[in-house]
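Since the structure comes first, as C-alpha cells, the remarks are kept for the end.
Read-outs: derived from the displayed coordinates by stated rules, not from any lab. The shown structure was predicted, so the numbers you read here are calculated from the model rather than taken from an experiment. We place every Cβ from the backbone using ideal geometry, glycine too, and count neighbours over all the protein chains shown.
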Amino acid sequence: MKRLILAAALALAGTASAADKLLLNGAGATFPFPLYSKWFSEYNKLHPEYQFNYQSIGSGGGIQQVTNRTVDFGASDAPMKDAQLAAAPGTVHIPTVLGAVVVTYHAAIDTLRLSPDALAAIYLGKITKWNDAALAKLNPGVKLPDASINVVHRSDGSGTTNIFTDYLSKVSAEWKTRVGASTSVKWPVGLGGKGNEGVTGLVKQTPGAIGYVELAYAKQNQLPMAELRNKDGLWVKPTMEGTSVAAAGIVMPDDFRVSITDAAGKDAYPMASFTYLLVPQDQQDPVRARALVEFIWWAVHDGQKYAAPLDYAPLPKAVVRQVEAKLKTLTAKGQHILVGSANRK
C-alpha cells in the first residue's frame, strides 16, 4: 500500500482559514524522506498557508507521476534517463542534498569489510556463505559464521537501487554486463522489499541477510554497516563527511544529471549520490508554481541546516549557486515565477 504522508498537517499553525491553505503534492524517493518530512514540517511553521502531501513510493514512482503531471513535484535519487526526459519534456532536476547508500547485514559479525569484487559476487550469487574464503581474506581475525547469506534488494523502482547498481557497474565488469544500472533491474538472486523501510525490515527479521539502504535508515534502525574499500584502496565507513568528499571534485553539468559513485579521494565514500526534486520547467498554475519555487529556494538555503542531523550532506556552495540560477529560469504559463524570498540571497 502506498505510504501517504501529510507531512505538514501536524504542524499547522496561524489563523489562515482552510480556504487560504494551499496543498502541494509530491511523490517519489524514499531515500531523502526523513529530511523532506522535516523540511515540510519546518516550512509549514513559517508558512501555515502551505501544506505538503508527499507519497514516499520510490524514485521510479516519482518519475512516473511527474511524467503524468499528477503531482506538483517528483523526487528521485536517479537522474532521469534521456528516454524518460523525452516522455516528460521540460522536466528540471533540482539537487537538494547528498546522501549515502550503505550495506547492512544480519549476522554475528562485529566489523565487516567488503571489497567491490566481493560485494558484486554476493549479489551475483557467487558468494553464498558468510565464511567464504574471499570474505575471510578481507576480514582477518574476524570470526565469520558458517551460515548462508540471504540477499535482500529493493522490489520497487528505486533511486537507492540506481545508486547501488551504478556503483556495482563501475567496479564489476560482470555486473555491468549481466545486470547493469537502473532504478529497477533483474536481480540474479535474493528477496525484494519495498522501499528503504521494506529492505530494513527484511534484513532485521532474516538471519544471514545482507541488504542496502540509505544511511539515515540504517542509523535510525541501529543496523550494522559494512566498511567498503574505496577507489583509492582505503577502507571507509559510511559517513556524511565521506559523502561530501565524494562530491568535492565533481564538475556539475547544467542539467545536474551526474553520478558520484566510486569517486576518487582517500576519504571518499563510494556509494554517494545527489538526490533531486523533479519540477516542470513551465508550470500551469502560477500560484502553485510560486509556492513550490519559494519552498525549494528555502530548502537549498535555510533548509540545509537540517541535513547533517539526519545524516545527509548539505549541498556544496557552488551547487547552490547553480540551483539559484536554475530556479530563476522556471516559468508558469511562460512567465518567470521567482518572487518573494526567492529573490533574496
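Some points to look at:
- As a rough guide to protection, the peptides 47-58, 247-258 ranked by mean Cβ packing within 10 Å, highest first, stand as 47-58, 247-258.
- Lysines with Cα under 20 Å of K170, excluding same-chain neighbours fewer than 8 positions away: K81, K126, K186, K231, K237, K266
- Highest mean first, the peptides 124-134, 165-175 sorted by other C-beta atoms within 10 Å per residue fall in the order 165-175, 124-134.
- Note on the chain: antiparallel DSSP beta bridges, both residues inside, total approximately 60 percent of the bridges counted.
- The chain: calculated mean residue ellipticity at 222 nm from DSSP helix runs of at least 4, using -39500 (n - 2.57): -9500 deg cm²/dmol
- Normalising the average separation of contacting C-alpha pairs (under 8 angstrom, six or more residues apart) by the number of residues puts the relative contact order of the chain at 21 percent.
- Within a Gaussian network of the chain (alpha carbon springs, distance under 10 Å), most fluctuating of D146, D311, D232: D146
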